[in-house]
Amino acid sequence: MSSSSPCVAVYFDGQSSRRHPVELAAEAGVLQVAGLAEIRRVPLAAIRVSEPQGRAPRTLRFGDGAYCEVEQGEALLDLLDALGYRESGVVRLQGRWRWSVMALAMVVMLLAAGYQWGLPWGAKQIAPRIPVSTMAQLSDGVLETLDKHMLSPSSLSPGRQQDLQRGFQRLAESDPELAAYGARLQLLFRRAKRVRGASGIGPNAFALPGGQVVLLDELVALKDISDDEILAVLAHELGHVRQRHGMQQLIQSSVAAAVTAAYLGDVSIAVSGLAALALESAYSRDMEREADAYAAATLLRLNANPEDLASALEKLEAFYAGKEKSAKEEEPGKYTGWLDSHPDTRERVMRIRRQHGGK
Amino acid sequence: MSMPTHYQTLGLPEGAGIDEVRAACNKALQHFIQQQRTGAPLPMEDFEALQAARAEIGDPRRKARYDQELAARRASGDGNRTTPALFSGATTIAPAAKPAPSQNADEVSEHRFQFTGSGGEYFRIWITNLLYTLLTLGMYSAWAKVRREQYFHRNTLLDGSGFDYHGNPVAILKGRMLAGLLLVIYSSSQRFFPWPVYTGVLLLALPLLPWLVQRSLVFRARNSSYRGLRFDFHGSYRTACATLLPYALCTIFMLWSAHMVAETEVEPEYTPQSLRFQIAEDMTQTNHQETTPPILLAQQEPWETGADDGARKSVDELAGILAKARQEEGAKESARKKLPSPDPKYAIMMLLSILLLSLCTPWFLYSINRFRLNHLAFAHARFRSHIRVGAFYRIAIIAGLMPTLSMTLVAILFSVSAAAIGAGRFSAVFISIFLLSGALLYLGIFSGQAYTQSQLNNEIWNETELEKYHFSSDQSFQDLLLILAGNFLLTLLTLGLYWPWAKVRLARYRADHLALLAPSGALDEFAGQNSTDDRAIGEEIADAFDFDIAL
Ligand SMILES: [Zn+2]
């Protein structure tokens, strides 16, 4: 039918590597291969046409392993047209730069949205499904490492420890949900290891996913801090345990690390490691809010005052603000602590006061 | 006398435009077909000459090079035949082609591989793949893989014909799902179980490793074809075991002792951390895993064939363990020097195992490449490799010296500058020294990589033959160094967007520097039954554990 310009091709029979020069033509939706011993006729339905891929020759494959290799060009396009062949949607999109730029923008947006919302949401769904025993194992390992490298035994007097321990028990027992953590739900006293004059970790308390809450002497020794305020901080940490924030965080950073490794791992492990580190999240603002709210509720339940949490936060902030000033003059970046992993203190203090100010 | 130029073959004036060339090719081919149909076929040599001309001057890049060569030849007085007028009629296939083959039918000519892809094209495929994969939560990645493979296979030409890839996306998807599941189980066992349990899991999984490697070599070979004939891989599970297991055991031993050392504490700046950086960098070559047809496979970094899962995995492992330990200990505490001394027993064991491992690695690379090549087949024709273990050691030693040298330089630089700067006022100088040493370190690493890759490729292909035909590979260290370093920098600066261009650039270099030496027409004489393979599971698991989820 269409005999504009003949389409020449090389035919392979699938049994040998021999090339057979042939001429292709379309007739009523049937491909005619001329140049072999006899003319071969193949209906379009029985042909697999390869996608255009750069300047590579395209292939028309027939069911029996035979195929034709054809240079790209007008002649081939005319032939395919005459056969009634349509390129797939993906191919048509792939061919256009405008689409590629759009695709790029969409990829960036999807990744950003995934990191911002999808990941926390997913982690929130998964975290509660992880058995307590698994988290316990995980935490034991972490605690062991911490004890080995960063923490030393507390030097608080046994009496003081007992007081705080009693307060902690009251907090823990006030929430029956926490019973699932069993014996691991405990308050541990530690002191930050001092290294060569550097002050190490400052006043701090933190929770492990398995239920252990670690209280550092430095926090207890903070100027003017009362036991009630310390307990308020512990209640906040119990909030992290209860809401499984540690687990969520772990899931989030694992996924982020896996994705960066998939994307950048090919370039360099070092680079992808850095990227993963940059994406590693501290507790998010939402988690802090949840833990604050939990702490406030717990304190109210025990007839204590949520204001204690607010004032504890302020004292911590004051401490770090002072340290920062003096540290900047000596060696910058020496101090890391509670507030680093707990951003936006001001806003949190105000929120607590706003909600529970009347008490 | 001398062979006609390709322009003469086509009856074109020298330097004719690309469109003219293509039109002439088509016209000549048509004429050829016409003759065949009328029962008076032209000799096959004409067809060969025509195909050769099309391959050489039908491609803009090669044409440019060829034109230059012609000009040079003429300038040197070598070719006084400057009369294109001889062949004015394009209706006949260049008659000059006829006398040429009369010389010697067996005369060997060089068939260069050719890569016709471009970065822009591959970028568009890549970004579409990435988007669809994200939108389908990973399901599309199997189709993405097929598209990518096809792009690289089909754009790799040898003697005018392209390679092809036949992987079945559904099979690949199934394999990927299973692999993903295993990966999750594996990495969570690494995270959540204590070390002994995890080591147990590793040991239990050990027999699986050769199987994965063997399966993935079979899958890749059987799903690649050239001129309608598939490749095949005949290596058995047993041979794979013999090749891989000793090395894997060695690696596990090293991991174990490294772990024991990390447990009992050594100077942290010194131990595994710096070691990890070094090995990790050495091992993380850019990952070109599956983007070259199997015949070009050895062009990849040999420890990347997936076959060395053990080696690479172990590095990942080591990196993982140490990173974990570091994170836990080091995130908050930056300076810690005074420590209880490590258990010397484990430290010695670790040193020994590292020594053992570095002694074994070249041998391992040698045997894995022998395994890979000596069981590879194209149709009925087998590949034979005569690589020499000595060459592997030589390459490893020289390549190992490069990063060592750069590190020594950096160390000297630092101590000298520390002494020079001494007291205060150092910011600008310090920063420039810091940058300089960073550059030096990377230069050392890339030099090592480029040297290993280029020299191993040359060794492997120059010592390998397909039936009676030899290959020739002439990659150069300097070229590859420029490409690797350039790719790395540009990829970094563009936040990864340059990646498709980088891949294409490397693929092109690799193809350009590999050739098959065979009499013209020899490539027409392969024959055989095709075996196919739809079981992607082995390959996908191997890939997943290689962390090759790149799109
Ligand atoms: Zn918190």
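The values are calculated or read from the model by the stated rules, or taken from the named source; none is laboratory data. Because the structure is predicted, anything quoted here is derived from the model rather than measured. Ideal geometry is used to build each Cβ from the backbone, glycine not excepted, and the neighbour counts take in all protein chains shown.
Considering only region A:146-183, state which residues are basic (Lys, Arg) and touching a residue at least 24 places away in the same chain (Cβ under 8 Å).
Hits for region A:146-183 are A:Arg160, A:Arg170.
Remark: A:Pro203 matches the filter, which requires a residue to be within 16 Å of the ligand (Cβ to nearest atom) and either modelled with pLDDT of 85 or more or on the phi < 0 side of the Ramachandran plot (or both). Residues in region A:128-140 that are more than 7 Å from chain B (Cβ to nearest Cβ) and without any contact (Cβ under 8 Å) to a residue 12 or more places away in the chain: A:Arg129, A:Pro131, A:Ser133. Within region A:32-59, if we keep just the residues that are in a strand (DSSP E or B) and in contact with a Phe, Trp or Tyr (Cβ under 9 Å, 6 or more places away or on another chain), the residue that is nearest to the other protein chains (Cβ to nearest Cβ) turns out to be A:Thr59. Considering only residues in region A:276-307 that are at pLDDT 70 or above and more than 16 Å from the ligand (Cβ to nearest atom), the one that is surrounded by the fewest Cβ atoms within 10 Å (Cβ to Cβ) turns out to be A:Asn303.
Every residue, every condition in (1) more than 30 Å from A:Val42 (Cβ to Cβ); (2) assigned to a strand (DSSP E or B); (3) at pLDDT 90 or above, yes or no:
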| position | (1), (2), (3) |
| --- | --- |
| A:Arg61 | no, yes, yes |
| A:Glu69 | no, yes, yes |
| A:Glu87 | no, no, no |
| A:Val107 | yes, no, yes |
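Contact map, region B:476-490: residues that are assigned by TED's automatic domain parsing to the domain that holds B:Phe446 paired with residues that are modelled with pLDDT under 90 and among the hydrophobic types (A, V, I, L, M, F, W, C), Cβ distance under 8 Å, separation 6+ or inter-chain. Pairs shown: B:Leu481/B:Phe446; B:Leu484/B:Phe446; B:Ala485/B:Leu443; B:Ala485/B:Phe446; B:Phe488/A:Val267; B:Phe488/B:Phe446. Does B:Ser358 meet the test of being modelled with pLDDT under 90, assigned to a helix (DSSP H, G or I), surrounded by 15 or more Cβ atoms within 10 Å (Cβ to Cβ) and hydroxyl-bearing (Ser, Thr, Tyr)? No; evaluated as a whole, the condition is false for this residue. Scanning region A:58-91 for residues that are among the basic types (Lys, Arg) and either under 30 Å from B:Gln529 (Cα atoms) or surrounded by 12 or more Cβ atoms within 10 Å (Cβ to Cβ) (or both) yields A:Arg58, A:Arg61.
Given A:Leu104, A:Leu111, which one is in contact with a helix residue (DSSP H, G or I) (Cβ under 7 Å, 6 or more places away or on another chain) and at the interface with another protein chain (Cβ under 10 Å from one of its Cβ atoms)? Talk me through it step by step, then tell me what you get.
Working: A:Leu111 fails: in contact with a helix residue (DSSP H, G or I) (Cβ under 7 Å, 6 or more places away or on another chain).
Of the residues listed, the single one that is in contact with a helix residue (DSSP H, G or I) (Cβ under 7 Å, 6 or more places away or on another chain) and at the interface with another protein chain (Cβ under 10 Å from one of its Cβ atoms) is A:Leu104.
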